[in-house]
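A short reminder: the numbers here are calculations on the coordinates, not readings from a lab. This structure is a prediction, so every number in the text was calculated from the model and none was measured.
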Amino acid sequence: MLTGKIEKIHFARFNEDDDLIESVKKVAEENNIHAAGFFVIGALKNAVLGFYAQGNYTTIKLKEHVEIASCTGNIAVGPEGEIIVHAHIVVSNEKGRAFGGHLFAGNRVGPTAELVLFEGKGVDLQRAYDERTKLKLLRLAEAGRN
C-alpha cells in the first residue's frame, strides 16, 4: 500500500460524440497528471466493454443509448512514459438492464459526460507488463523513487 495526498481536483465535461477514455486521457495529458483516481457520470451513444479472462479480453458491444451508472478508474504512466487510463464501467439501458466491464476506446458520449479527477501528490503510479497475466499491472512508488 502507498499513501499520498490529493494535489488537485479536476472537473471536466465531455461533449456529444467524444470518445470517453480518450477524453479522460486528454485531460491527464494537458494537465501533466501521472497519478490519479477518477469517476465519470453521464450517458453514452454506445458502449464498448471488455471482460478479462486467462490473458484475453472478450469485447461486449452495445449499440444503444445507455446511462453511465458507474465509471471509476486510475491514471498511471506506462513503460514508455505514456499516460495509461484504466477504468471499469457499468452502464444501463432504458429497461434498467446493466452491463459492465473494462472501458475500451469507442464509447461515444451522448449527450454529455462529467469527470471528477483526483490528482495524486507524493506518489508515482506506473504500469509494467506482467508476463503471467499479459497485463500492464500497477506498480506503486513514492514520488521520485522507482
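Considering helices alone, the calculated mean residue ellipticity of the chain at 222 nm is -2500 deg cm²/dmol, with DSSP H runs of length four and up weighted by -39500 (n - 2.57) and normalised per residue. The alpha carbon gyration tensor of the chain gives principal lengths a ≥ b ≥ c with a/c of 1.5 or higher and a/b no greater than b/c, which makes the shape oblate. Annotation: amide H-H contacts under 5 Å for Asn107 (H modelled 1.01 Å from N, sequence separation of 5 or more, or interchain): Leu20, Ile21, Val48.
Among the listed pairs Lys26/Lys61; Lys25/Lys61; Lys5/Lys61; Lys25/Lys63; Lys45/Lys136; Lys8/Lys63, those with a Cα-Cα distance over 26 Å are Lys5/Lys61; Lys45/Lys136; Lys8/Lys63.
For the range 12-72, averaging the sequence separation of C-alpha pairs within contact (under 8 Å, six or more residues apart) and dividing by the residue count gives a relative contact order of 31 percent. Here the gap between Ala105 and Phe39, fully extended at 0.36 nm per residue and compared with their Cα-Cα distance, gives a gain of 22.1 nm.
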